[in-house]
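Participant: One structure, pasted below without further comment.
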Amino acid sequence: MSTEVVAVSAVSAAQQPSPSTPAQQNAVEKVNLLGMSRPQMEKFFEDMGEKKFRAGQVMKWIHQFFVTDFAEMTNISGKLREKLEKICEIKAPEVVHKNYSKDGTRKWVFRVGDGEGSLVETVLIPAEHRSGLRRTLCISSQVGCALDCSFCSTGKQGFQRDLTQAEIIGQLWMANYSYMEDVPVLERERSVTNVVMMGMGEPLLNYDAVLNSMRVMLDDFAYGMSKRRVTLSTSGVVPKIDQMVKDIDVALAISLHAPNNELRNELVPINKKYPLEQLIAACQRYIAKDGNESSRKHVTIEYVMLDGVNDHPEHAQQMIKLLKNLPSKINLIPFNPFPHAPYGRSSRNRIISFQKTLSDAGFVCTIRQTRGDDIDAACGQLVGQVADRTRRAEQWKKKIAQSNEIMRSQG
């Protein structure tokens, strides 16, 4: 049972006579409708004794007109609006920081839940496309991350908790709303064209919330996004990739970053549990679904270019061999250094040479353009104003300092 439905039950129980004090009754938490999928919201209304079509009406007000006040939902009866006002809310995460780059990139830091350290980041990146202006939103799924990839700043902050559906969808809601705060309600239009689940956290380790959030993104009563424009990026949680085959059809991206198991074990530790052979096989199973409307025609391979680590010619040749039977597009990502990072960015010439090798072998291979550098918002490397809730970052910095001291003493 979802947390929202559980909350509804709690609200219903609170409305019955009880010996609790008025203060205790007033403390009952309202149900946040923001993150509910349509089936969840239909059940919510049916449990209230209402027709389930009310779910579609309310979802349109929330996700297409960006209304948070039930009084503005004019095609709903006054009596139902009053009932919703008493037990429900439409609440996005609190924005504690926002910055808009001169190149159009936008970045937000959201506070989720309680505590100063409960922060996540979201970045919107605009780009010209043959179909028009594309606005891609990079959404977080967890506070911190448990996977501890060696080149990722988020992993150095440790893992705090999963995000709820409302906290995930709230990032998309706020990004859209940022373009239309002063636009009359009935003239508002959705502005975000693409979503990538590539922000903080491993999406497949928060499976249910991420799955239902993507369903909201695809729902015509909400954002109505094409399944080709919703992408989930994973470091390689193989069983959940197989589960996705049954549950949803969206684009899949793999954070690869190394073409052999030895190097990937170092860079992406989850590889020790699900090595490359298992990961590539899972990707092949994912795109095996037939049909012209499927978004599973290929897998996007993400590869952060680390100077002297994974950018040698032999690594490119290993990539060619690894991916030869997997329909894929390769995205080379210039590394975005962060304080005390043990790696540097590959040179432009090295990245171009790497790209040429892959392109000559028949792969579609692009180099990701860095955006939003003036607001510290390069996509794929959400460097952060995120409080360290564990000692992992402190221990990691200490380790780097010790290594530097050893090198100096030996030099």
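The values are calculated or read from the model by the stated rules, or taken from the named source; none is laboratory data. The structure presented is a predicted model; accordingly, all values stated were derived computationally and were not measured. For neighbour counting, all protein chains shown are included, and Cβ atoms are generated from backbone atoms with ideal geometry for every residue, glycine included.
Participant: How many residues are within 18 Å of MET73 (Cα to Cα) and in contact with an Asp or Glu (Cβ under 9 Å, 6 or more places away or on another chain) if we restrict to segment 181-198?
Facilitator: Adding up the residues that qualify gives 2.
Participant: Any idea which of TYR274, TYR303 is surrounded by fewer than 23 Cβ atoms within 10 Å (Cβ to Cβ), assigned by TED's automatic domain parsing to the domain that holds SER359, within 23 Å of the chain's Cα centre (by Cα) and of a type in the set (Phe, Trp, Tyr)?
Facilitator: Every option except TYR274 fails the conditions.
Participant: For the subset of segment 54-95 comprising residues that are within 20 Å of the chain's Cα centre (by Cα) and in a loop (DSSP other than H, G, I, E, B), which member is surrounded by the most Cβ atoms within 10 Å (Cβ to Cβ)?
Facilitator: PRO93
Participant: Quick check on my filter: what residues within segment 101-120 are assigned to a strand (DSSP E or B) and of a type outside the set (D, E, K, R)?
Facilitator: Once the filter is applied, which keeps residues that are assigned to a strand (DSSP E or B) and of a type outside the set (D, E, K, R), segment 101-120 yields TRP108, VAL109, PHE110, LEU119, VAL120.
Participant: For segment 277-300, how many residues are at pLDDT 95 or above and surrounded by 17 or more Cβ atoms within 10 Å (Cβ to Cβ)?
Facilitator: Of the residues in that region, 7 qualify.
Participant: Only one of (1) in a loop (DSSP other than H, G, I, E, B); (2) in the same structural domain as GLU167 (by TED's automatic domain parsing) fails for LYS98. Which number is that?
Facilitator: Only one criterion in (1) in a loop (DSSP other than H, G, I, E, B); (2) in the same structural domain as GLU167 (by TED's automatic domain parsing) is unmet by LYS98, namely (1).
Participant: In this structure, is LEU263 surrounded by 20 or more Cβ atoms within 10 Å (Cβ to Cβ) and part of a helix (DSSP H, G or I)?
Facilitator: Criteria not met by LEU263.
Participant: Identify the residue in segment 227-252 that is free of Cβ contacts under 8 Å to residues at least 60 places away in the same chain and small (Gly, Ala, Ser) and, among all such residues, is farthest from TYR207 (Cα to Cα).
Facilitator: Result: ALA251.
Participant: With respect to ALA341, determine if the residue is more than 15 Å from LEU267 (Cβ to Cβ) and among the small types (Gly, Ala, Ser).
Facilitator: No.
Participant: Also, quick follow-up: If a residue counts only when it is over 21 Å from LYS107 (Cβ atoms), which strands (runs of 3 or more DSSP E) contained entirely in segment 144-253 have at least 1 such residues?
Facilitator: The strands (runs of 3 or more DSSP E) meeting that bar are 159-162, 230-234.
Participant: A further question follows. Take ILE248 and tell me if it is aliphatic (A, V, I, L, M) and either exposed (fewer than 15 other Cβ atoms within 10 Å of the Cβ) or out of contact with any Ser or Thr (no Cβ under 7 Å at 6 or more places or on another chain) (or both).
Facilitator: Judged against the criteria, ILE248 is a match.
Participant: Being in a loop (DSSP other than H, G, I, E, B), over 19 Å from MET217 (Cβ atoms) and either among the β-branched types (Val, Ile, Thr) or free of Cβ contacts under 8 Å to residues at least 40 places away in the same chain (or both), is that true of even one residue in segment 30-44? If you could, list the steps in order and put the result at the bottom.
Facilitator: So in segment 30-44, the residues in a loop (DSSP other than H, G, I, E, B) come out as 30, 33-37.
Adding the requirement that they be over 19 Å from MET217 (Cβ atoms) leaves 30.
Those still in the list that are either among the β-branched types (Val, Ile, Thr) or free of Cβ contacts under 8 Å to residues at least 40 places away in the same chain (or both) too: none.
No, because not a single residue in segment 30-44 is in a loop (DSSP other than H, G, I, E, B), over 19 Å from MET217 (Cβ atoms) and either among the β-branched types (Val, Ile, Thr) or free of Cβ contacts under 8 Å to residues at least 40 places away in the same chain (or both).
Participant: Restricting attention to segment 327-359, which residues are within 19 Å of GLN317 (Cα to Cα), part of a strand (DSSP E or B) and in contact with an Asp or Glu (Cβ under 8 Å, 6 or more places away or on another chain)?
Facilitator: If the condition is that a residue be within 19 Å of GLN317 (Cα to Cα), part of a strand (DSSP E or B) and in contact with an Asp or Glu (Cβ under 8 Å, 6 or more places away or on another chain), then ASN331, ILE333 are the ones that fit.
Participant: Within the bounds of segment 238-245, is there any residue that is within 15 Å of the chain's Cα centre (by Cα), in the same structural domain as THR300 (by TED's automatic domain parsing) and crowded, with 21+ Cβ neighbours inside 10 Å?
Facilitator: If we filter segment 238-245 for residues that are within 15 Å of the chain's Cα centre (by Cα), which is where we start, we get none.
Checked segment 238-245: no residue is within 15 Å of the chain's Cα centre (by Cα), in the same structural domain as THR300 (by TED's automatic domain parsing) and crowded, with 21+ Cβ neighbours inside 10 Å.
Participant: Now for a separate question. Among the residues of segment 105-114, what is the count of those that are in contact (Cβ under 8 Å) with a residue 40 or more places away in the chain and not hydrophobic (A, V, I, L, M, F, W, C)?
Facilitator: So in segment 105-114, the residues in contact (Cβ under 8 Å) with a residue 40 or more places away in the chain come out as 105-110, 112-113.
When the remaining residues are screened for being not hydrophobic (A, V, I, L, M, F, W, C), the result is 105-107, 113.
Total meeting the criteria: 4.
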